[in-house]
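The values are calculated or read from the model by the stated rules, or taken from the named source; none is laboratory data. If you're wondering where the values come from, they're calculated on a predicted model, not measured in any experiment. Here the Cβ positions follow ideal geometry from the backbone for every residue, glycine too, while neighbour counts run over all protein chains shown. Each accessible area value is taken on the protein alone, full model and side chains, heavy atoms only, with ligands, DNA and RNA left out. Shrake-Rupley method; radii C 1.70, N 1.55, O 1.52, S 1.80 Å.
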Amino acid sequence: MAEETYPDDLKYHPEHDWARIDGDTATFGITWYAQDALGEVVFFEPPEVGASVSKDETYTEVESVKAVSDVYAPLSGEVVEVNPALEDNPEQINEDPYGGGWLVKVKLSDPAEADELMDAAAYRELLAGD
């Protein structure tokens, strides 16, 4: 299990998802808090490459030993890649939520949406209020 951390180079969604933005593409995943709340992840149902995702809407599910949880898109766009390693090793979501446990890469349709997401400090404040 990874150590609790919230990297400063990411943007955070209130549903405990993150985005690492690189130009007009972003990598999405779930935060340390989300994977910790889920417990041991046993299955990731990836969306299809080419699928459209909309900010604040669910785009996939992650299944743990405790529950099946919806995953929300922090930004809108088109899925251009899914993490192939998670098919055989979904536990990477627990072990390395910001590295090997990333979920999808998305070509952004509206990069300005990122301005609506939280930085790490604001996300930590959100968690402190939970």
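Points to keep in mind about this one:
- Qualifying residues in the range 20-55 (those that are in contact with a helix residue (DSSP H, G or I) (Cβ under 7 Å, 6 or more places away or on another chain), aliphatic (A, V, I, L, M) and open to solvent by less than 40 Å² (accessible area, probe 1.4 Å)) - the one nearest to Leu117 (Cα to Cα): Ile30
- The set of residues from the range 56-97 being of a type in the set (Val, Ile, Thr) and in contact with a helix residue (DSSP H, G or I) (Cβ under 6 Å, 6 or more places away or on another chain) comprises just one member, Ile93.
- Residue that is most open to solvent (accessible area, probe 1.4 Å) [pool: residues in the range 74-113 that are over 16 Å from Ile30 (Cα atoms) and touching a residue at least 60 places away in the same chain (Cβ under 8 Å)]: Lys107
- Among the residues of the range 59-67, some residue qualifies, meaning at least one is modelled with pLDDT of 95 or more, farther than 15 Å from Ala26 by Cα, of a type in the set (S, T, N, Q) and surrounded by 14 or more Cβ atoms within 10 Å (Cβ to Cβ).
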